[in-house]
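The values are calculated or read from the model by the stated rules, or taken from the named source; none is laboratory data. What you see is a predicted model, and the numbers here were worked out from it, not measured in a lab. Every residue, glycine as well, gets a Cβ built from its backbone with ideal geometry; the counts of neighbours run over all protein chains shown. Note: areas computed on protein heavy atoms with side chains; ligands, DNA, RNA excluded. Shrake-Rupley method; radii C 1.70, N 1.55, O 1.52, S 1.80 Å.
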Amino acid sequence: MEEQVEMVGRAFVEHYYHLFDSDRSSLASLYNQSSMLTFEGQKLQGVDNICTKFTQLPFSKCHHLISTIDSQPSSFAGGIVVFVSGSLQLSDEEHLLRFSQMFHLIPTPQGSFYVQNDIFRLNYG
């Protein structure tokens, strides 16, 4: 069970950041109307609001460098909590930005997962 949770968490993280770095609008497939995002303290709900936030970020290209991925089963049947830390390289910046992000993944009847909760913070200092 624990090994499968780690495997799903790692696969999700690879997929999520590949989409974010290559085509942010395609992230819509990972959220639904009940999904919630807290991005640097700004709270958003619903796939449309979340994807609007992602597509209106003030940079066109970026690359995520993942340092750690920690996954745990959640109390929701089949759910998984994933915590990610890493660095973000923006196309016009020479310095990396450190970040942390948490996802709560919920299984779908089709056998995949959607993001119910997503919390993102840059790490300063």
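Miscellaneous remarks
- Here is the figure for segment 83-113: residues that are open to solvent by 80 Å² or more (accessible area, probe 1.4 Å) and more than 15 Å from TYR31 (Cα to Cα) total 7.
- Meets criteria (surrounded by 13 or more Cβ atoms within 10 Å (Cβ to Cβ), touching a residue at least 60 places away in the same chain (Cβ under 8 Å) and in contact with a strand residue (DSSP E or B) (Cβ under 8 Å, 6 or more places away or on another chain)) for VAL47: no
- Only listed residue being modelled with pLDDT of 95 or more, hydrophobic (A, V, I, L, M, F, W, C) and more than 13 Å from the chain's Cα centre (by Cα), chosen from LEU105, LEU27, LEU44: LEU44
- Checked against the criterion of being open to solvent by 20 Å² or more (accessible area, probe 1.4 Å), at pLDDT 95 or above, of a type in the set (Val, Ile, Thr) and under 28 Å from MET1 (Cβ atoms), the candidates ILE69, ILE80 yield just one match: ILE69.
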